[in-house]
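Peer 1: Okay, handing you the structure first.
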Amino acid sequence: MSDITRAEVCVAACADLFLGAGETLASPMGLIPSLGAKLARLTTEPDLLLSDGEAFLLTPESTVEGWLPYRKVFDVVAHGRRHVVMGANQVDRFGNQNISAIGDHARPTRQLLGFRGAPGNTVNHRTSYWVPRHSTRVLVEAVDVVSGVGYDRAAGPFHDVHRVVTNLAVLDFDTPDHSMRVVSVHPGVSVDEVQKQTSFPLVVQDVTETRLPTDEELELIRTRLDPRSKRDREVPQ
Ligand code: F8G
């Protein structure tokens, strides 16, 4: 299939976040991660559980298939069989995430979402991040406030910041000091461009090109999961 869009590459990269997850609760925030989780469920991970973030488990077509009220989500968080894909106003080289405030904490210039579930998520189970606009403003040397905990802070045995998927690249922390590394750049993007849009030096080794979605995946994305192409609004071509 031709004309594969950047948004579709990002959806497939988000689906790959869940490779090997098995019977795990996926909690994707934002459209592209949600499409990715649904795509994974329909292809490689048939046992993946999809939360609507409120009270239900849903099939990829949004039919209710389970009851997961808020209080129960906390049990799953503590148990650890969950993979959350959160957003980030800022994320730094060790995977600290900020969705709380911009600027000096005593007098922030912007009040954002607050800490929400980020601290508990990051100390209890696998966490990834989705950044729709990779820029030096988001990929910062050090976050202004730590919401999600990174590798340079003592975060306990269940801490597992897996990957950061952006509109330009896939990144992880699989380095000796857990500083951020480029795993792959999306087709049409150079490593230089990714570095230019990042405020700290990235580890660059064995970088590949992010895979294209398969024909089966494209069919699922275009006809079943997002027929109205809302994905193009989150990641313009
Ligand atoms: C900036 C920057 C920046 C933004 N530098 N300025 C400015 C400088 C920008 C704008 C203004 C606003 C378990 C669980 C939970 C639960 C439970 C269960 C979670 C405990 C459920 C409910 C709960 C957390 C889930 C997410 C976040 C998803 C996004 C957002 C965003 C954008 C964060 C990316 N770097 N950045 N500004 N939540 N959301 O110029 O200025 O600030 O900017 O898991 O919750 O409680 O816990 O945020 O901000 O994962 O991803 O989209 O708020 O939209 O509009 O960009 O324009 O006003 O002048 P936003 P944005 P201005 S898990």
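Bear in mind that the values in this text are calculations on the coordinates, not laboratory data. Given the structure is predicted, the values throughout are model-derived calculations rather than measurements. Cβ: placed from backbone, ideal geometry, glycine included. Neighbour counts: every protein chain shown.
Peer 1: Which ones in region 147-172 are hydrophobic (A, V, I, L, M, F, W, C), crowded, with 21+ Cβ neighbours inside 10 Å and in a loop (DSSP other than H, G, I, E, B)?
Peer 2: Scanning region 147-172 gives V149, L168.
Peer 1: Going by the structure shown, is T122 more than 7 Å from the ligand (Cβ to nearest atom), within 18 Å of T24 (Cα to Cα) and not basic (K, R)?
Peer 2: So T122 fits the description; yes.
Peer 1: So which of R153, R116, R93, R133 is in contact (Cβ under 8 Å) with a residue 40 or more places away in the chain and either within 9 Å of the ligand (Cβ to nearest atom) or out of contact with any Asp or Glu (no Cβ under 9 Å at 6 or more places or on another chain) (or both)?
Peer 2: Result: R153 is the single residue among R153, R116, R93, R133 that is in contact (Cβ under 8 Å) with a residue 40 or more places away in the chain and either within 9 Å of the ligand (Cβ to nearest atom) or out of contact with any Asp or Glu (no Cβ under 9 Å at 6 or more places or on another chain) (or both).
Peer 1: Moving on. Across region 204-220, what is the number of residues that are more than 17 Å from N167 (Cα to Cα) and either buried (at least 19 other Cβ atoms within 10 Å of the Cβ) or touching a Leu at 6+ places or on another chain (Cβ under 7 Å) (or both)?
Peer 2: So the count comes out to 3.
Peer 1: Go through (1) out of contact with any helix residue (DSSP H, G or I) (no Cβ under 7 Å at 6 or more places or on another chain); (2) surrounded by fewer than 24 Cβ atoms within 10 Å (Cβ to Cβ) and name the single condition T5 misses.
Peer 2: (1)
Peer 1: Could I ask something else about it? Looking at region 183-194, is at least one residue of a type in the set (D, E, K, R) and at positive phi?
Peer 2: Looking through region 183-194, none of the residues is of a type in the set (D, E, K, R) and at positive phi.
Peer 1: Residue by residue through region 38-63, note down the ones that are crowded, with 16+ Cβ neighbours inside 10 Å, of a type in the set (G, A, S) and away from the ligand (no atom under 16 Å from the Cβ).
Peer 2: A40
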